[in-house]
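Taking it in order: structure first as structure tokens, then the write-up.
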Amino acid sequence: MKKEDLRIVYMGTPDFAVEALRQLVEGGYNVVGVITMPDKPAGRGHKIQYSPVKQYALERNLPLLQPEKLKDEAFVEALREWKADLQIVVAFRMLPEVVWNMPRLGTFNLHASLLPQYRGAAPINWAVINGDTETGITTFFLKHEIDTGEVIQQVRVPIADTDNVEVVHDKLMMLGGKLVLETVDAILNGTVKPIPQEEMAVVGELRPAPKIFKDTCRIDWNQPVKKVYDFIRGLSPYPAAWSELVTSENETVVVKIFETEKMYESHQLSAGTVVTDGKKYIKVAVPDGFVSILSLQLPGKKRLKTDELLRGYRLADGCKMK
């Protein structure tokens, strides 16, 4: 079978999922339909916002479904009418068996980690938060339990100590598009030899990648320098690590922190103590040194470099982050 004859249904929602879809379409593969999340109101005006995948599908006039429930009979019937040979899932939802088991060649998923590590919703964030020096992408066939199916292909990607989650996300997104095409070609050519995840070598314990909530993003200044530094870059620029700043006037302000530097030195200050000259720098004490804040954001304001913020905001030495 040629790639033009292989009927593909693609499922995805965020930016991460657009690149693989774009590469499929521009590569001449036969995408017969796209499935994405229903439209949601977003922002202060609660305007209806299309998902990035929907926006791309509309631009390319691709048939589109946006089911509320994936077991809905009308949706399942509409999906069946597309007569897919293969389904591809990138950053979507957990599929019921009636959906993933439908195509004759199966359904495969692109996951942003080196499975079986980091099963879950936020693998890129957790790899950076945990200070990993390597991550990757995996394609695997879907089965009942989430992120547990047999692995088709993997690509390993280094994480630099200065990379934040956005940098790693974009690296994986571009490589992911290429890996999806390679996986489709391997399935077409009959060269796929899937490997059960339980047979794959793993160094150390398996680490989960649960969904990240606002409370997850609060900085614990009792952690060592490296832990706090990795935590902040693992959430930067979105959803962003945050802390409560208690000023010398006892006012509490929520501060988002995006970029920091590590400073190892001994001191006698309690964790969370702010040290600043009020002009150029802000650093926060942690048990084994300081975390120097390079960019941050106050409520209702835009993100600023530290020296820019200090020009318009008075901050005294000895304030506390908590």
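The values are calculated or read from the model by the stated rules, or taken from the named source; none is laboratory data. Note that this is a predicted model, so its numbers are computed, not measured. Every residue, glycine among them, receives a Cβ derived from its backbone with ideal geometry; neighbour counts consider all protein chains shown. The accessibility values were calculated without ligands, DNA or RNA, using every heavy atom of the protein model including side chains. Shrake-Rupley method; radii C 1.70, N 1.55, O 1.52, S 1.80 Å.
Numbers for the structure displayed
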| item | result |
| --- | --- |
| Unit charges on C-beta of K, R, D, E only; dipole of the range 80-137, Debye | 220 debye |
| Beta bridge orientation in the chain: antiparallel %, DSSP, nearest 5 | 70 percent |
| Using alpha-carbon coordinates, inclination of helix 165-189 to the longest axis of the chain, degrees | 10 degrees |
| Check: the chain dipole with +1 on Lys, Arg Cβ and -1 on Asp, Glu Cβ, in debye | 780 debye |
| Cα→Cβ-extended label distance, 7 Å offset, between residue 178 and residue 281, nm | 4.0 nm |
| Where the chain is the region considered: accessible area per residue in Å², 1.4 Å probe | 51 Å² |
| Contact order relative to length of the range 192-282, as percent, for alpha carbon pairs under 8 angstrom and 6 or more apart | 21 percent |
| Count of Lys pairs (Cα-Cα under 25 Å; at least 8 positions apart or interchain) in the range 180-237 | 4 |
| The range 214-321 - Rg (one decimal) and Dmax (whole number), Cα, Å | 12.5, 36 |
| Set of lysines with alpha-carbon distance to residue 302 below 16 Å, sequence-local pairs under 8 removed | 256 |
| Pairwise centroid distance, computed over Cα atoms, of the range 252-286 with the range 191-206, Å | 42 Å |
| Cut-off 14 Å (backbone N to label point 7 Å along Cα→Cβ of residue 308), residues of the range 147-167 | none |
| Residue 2 versus residue 145: modelled label distance in nm, points set 7 Å from Cα along the beta carbon direction | 4.3 nm |
| The range 3-199: C-alpha gyration tensor shape, a/c 1.5 cut-off, then a/b vs b/c | oblate |
| In sequence order, calculated HN-Hα J values of the range 222-237 (Karplus, 6.51, -1.76, 1.60; Hz; x Gly/Pro) | 7, 7, x, 3, 4, 4, 5, 4, 5, 4, 5, 6, x, 10, 9, x |
| The chain: relative contact order in percent, alpha carbon pairs under 8 Å with at least 6 residues between | 13 percent |
| Accessible surface of the chain, 1.4 Å probe, proportion on carbon and sulfur as whole % | 51 percent |
| The range 1-127, dipole about Cα centre (Lys/Arg Cβ +1, Asp/Glu Cβ -1), debye to the nearest 20 | 200 debye |
| Cross-link reach list, lysines versus residue 83, counting only Cα pairs under 23 Å and skipping chain neighbours closer than eight places | 2, 3, 54, 69, 71, 143 |
| Estimated vicinal HN-Hα couplings, Hz - the range 99-111 in sequence order (Karplus 6.51, -1.76, 1.60; Gly, Pro = x) | 8, 6, 8, 6, x, 5, 9, x, 10, 10, 10, 9, 10 |
| Under the Karplus curve 6.51 cos²θ - 1.76 cosθ + 1.60, θ = phi - 60°, whole-Hz ³J(HN,Hα) for the range 295-301, x wherever Gly or Pro sits | 8, 7, 8, 8, x, x, 10 |
| Whether the range 1-72 is rounded, prolate or oblate, judged on the alpha carbon gyration tensor where a/c under 1.5 counts as rounded | prolate |
| Fully extended contour minus Cα-Cα distance, from residue 301 to residue 46, at 0.36 nm per residue | 89.8 nm |
| Reduced Cα scattering model of the range 142-239, Debye log10 I(q)/I(0), q = 0.24 Å⁻¹ | -1.35 |
